[in-house]
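The values are calculated or read from the model by the stated rules, or taken from the named source; none is laboratory data. Here the structure is a predicted model, which means the values were calculated and not measured. Note that we place each Cβ from the backbone using ideal geometry, even for glycine, and neighbour counts take in every protein chain shown. What goes into the accessible areas is simple: the full protein's heavy atoms, side chains included, and nothing from ligands, DNA or RNA. Shrake-Rupley method; radii C 1.70, N 1.55, O 1.52, S 1.80 Å.
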Amino acid sequence: MSDPEREQAQQRAARITAFREELDELRREQVLQLSEAQEQAVAAHHRQLLTHYRQTLDIDADARARQLSLGMRLASLFGALALAAGLFFLFYQFWGLFDVPAQVAILLGSSLGSLLLCFWLQARDSSGYYAKLAAVLAFVCFVLNLSMLGQIFNITPSDKALLPWAALALLLAYQCRQRLLLVVALLCFGLFVAARLGDWAGWHWWTLGERPELFMPLAALMLVPQWLDQRRHAGFAACYRVMGLLYLLGPVLVLSYWGSGSYLAWPTGWIEAFYQTLGFVLAGLTLWLGIRRGWGEVVNTGLVFALIMLFAKLFDWWWQLLPRYLFFLLLGLIAVLLLVMLQRWRRSVPGGVQ
């Protein structure tokens, strides 16, 4: 089973549901009347099609199935996080009871065993929920493996551990279609790149948070879906775009109010003013790009960033000057004006943003 096949089947099922509802409306409005034979033939064909999709692709054929599917995804996520936390604390609770060879064997065995379990479940679990749970568990075991082996053999912590963590998370994300692990992989990779850039600039990797500009080159992640086709993995292209935007817009937001963290050899006030201006420009460009390309996640990210920048600036201007009630009344008025503007903008966009 591939993601495109399942996604197409899910879309077909949604169209069938919409067709049934619209046909009922047209019948009640006496616009269209099918013969009894035609209705039975269409209904039989749709039942056969949905049964085939349910049995082979495990789709959500109706609203009830979609609700249950959402609950299963949430249960899978919380189960994975709970098992990972339990494994972490289990290791630290009883770790001192084992000698060094046993500790090494446990670490290697847990990492290899959880990885094999993930692949075994992935081959047999058509829904993917159990495989995704095992994938998160395998990643946590691998992180514990490297971390605790470093403690056992007194190895100095290094940012280079982030690279194999990112590689395994990326492998498991694509193997099990797990977007959470893709985000983790991009986070580890981003931290590694920022740490390397900081090291080349003469900063210790522990202090990479003191130079937010180190993360800005990672905005190139937005281009990954343009270079590598992600249509076989639903939602992955959106993850790349959102993470790339966060790596760009996040540092801009921080430097807007913390100019001393910049590499620019300017007065702090100038740096903050520059990044505040740049932030509004980037927010506008993000909204324009998202609307032009039909990327809803880009539009939402740009809109949230623009609102944060706007209200932070309003707080700077008016919090000390105005009474509290007037300050919040003005914020509410501005929010209503923004709502009106966005509503008119939405109506002027042909087809809207998907």
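Could we say that Ala283 is touching an Asp or Glu at 6+ places or on another chain (Cβ under 6 Å), more than 20 Å from Ala194 (Cβ to Cβ) and surrounded by 13 or more Cβ atoms within 10 Å (Cβ to Cβ) here? No: the conditions fail for Ala283. Do the conditions hold for Gly209, that is, is it out of contact with any Gly (no Cβ under 7 Å at 6 or more places or on another chain), open to solvent by 30 Å² or more (accessible area, probe 1.4 Å), not in a helix (DSSP H, G or I) and not charged (D, E, K, R)? In short, no.
Condition test on Tyr129, is it surrounded by fewer than 21 Cβ atoms within 10 Å (Cβ to Cβ), of a type in the set (Phe, Trp, Tyr) and within 19 Å of the chain's Cα centre (by Cα)? So that I can check it myself, show each step before the final result.
Details: surrounded by fewer than 21 Cβ atoms within 10 Å (Cβ to Cβ): yes; of a type in the set (Phe, Trp, Tyr): yes; within 19 Å of the chain's Cα centre (by Cα): yes.
Here the answer is yes, as Tyr129 does meet what is asked.
Residue count for region 160-188, restricted to those that are assigned to a helix (DSSP H, G or I) and out of contact with any Leu (no Cβ under 6 Å at 6 or more places or on another chain): 19. Taking each residue of region 309-331 that is at negative phi and looking for partners that are open to solvent by less than 60 Å² (accessible area, probe 1.4 Å) with beta-carbon atoms closer than 6 Å, six or more apart or interchain, yields Met309/Gly279; Trp318/Phe327.
Restricted to region 86-126, and to residues there that are open to solvent by 40 Å² or more (accessible area, probe 1.4 Å) and in contact (Cβ under 8 Å) with a residue 24 or more places away in the chain, the residue that is farthest from Phe153 (Cα to Cα) is Ser126. Within region 280-295, can one find any residue that is farther than 30 Å from Trp200 by Cα, aliphatic (A, V, I, L, M) and not in a helix (DSSP H, G or I)? Within region 280-295, none of the residues are farther than 30 Å from Trp200 by Cα, aliphatic (A, V, I, L, M) and not in a helix (DSSP H, G or I).
Quick one: which of Leu331, Leu337, Leu264 is open to solvent by less than 80 Å² (accessible area, probe 1.4 Å) and part of a helix (DSSP H, G or I)? Walk me through how you get there before you give the answer.
Numbers: Leu337 fails: open to solvent by less than 80 Å² (accessible area, probe 1.4 Å); Leu264 fails: part of a helix (DSSP H, G or I).
Step by step, each of Leu331, Leu337, Leu264 is checked, and only Leu331 is open to solvent by less than 80 Å² (accessible area, probe 1.4 Å) and part of a helix (DSSP H, G or I).
Looking at Arg47, is it open to solvent by 70 Å² or more (accessible area, probe 1.4 Å) and modelled with pLDDT under 75? Answer is no for this residue. Every condition in (1) under 22 Å from the mean Cα position of the chain (by Cα); (2) under 23 Å from Leu246 (Cα atoms); (3) crowded, with 21+ Cβ neighbours inside 10 Å holds for Gly198 except the one numbered (1). The lone criterion from (1) over 30 Å from Leu214 (Cβ atoms); (2) among the aromatic types (Phe, Trp, Tyr); (3) surrounded by 14 or more Cβ atoms within 10 Å (Cβ to Cβ) left unmet by Trp319 is number (3). Of all residues in region 231-261, those satisfying the criterion of being open to solvent by 10 Å² or more (accessible area, probe 1.4 Å) and in a loop (DSSP other than H, G, I, E, B) are Arg231, Arg232, His233, Ala234, Gly235, Tyr257, Trp258.
With Asp99, Asp159, Asp125 as the choices, which residue is more than 22 Å from Ile59 (Cα to Cα), touching a helix residue (DSSP H, G or I) at 6+ places or on another chain (Cβ under 6 Å), among the acidic types (Asp, Glu) and at pLDDT below 90?
Details: Asp99 fails: touching a helix residue (DSSP H, G or I) at 6+ places or on another chain (Cβ under 6 Å); Asp125 fails: more than 22 Å from Ile59 (Cα to Cα).
Asp159 is the lone residue from the list that is more than 22 Å from Ile59 (Cα to Cα), touching a helix residue (DSSP H, G or I) at 6+ places or on another chain (Cβ under 6 Å), among the acidic types (Asp, Glu) and at pLDDT below 90.
Collect the residues in region 16-41 that are more than 24 Å from Arg6 (Cβ to Cβ) and β-branched (Val, Ile, Thr), keeping them in residue-number order. Val31 - this is the single residue of region 16-41 that is more than 24 Å from Arg6 (Cβ to Cβ) and β-branched (Val, Ile, Thr). Residues considered: Met309, Met341. Of these, the only one that is modelled with pLDDT of 85 or more and of a type in the set (A, V, I, L, M) is Met309.
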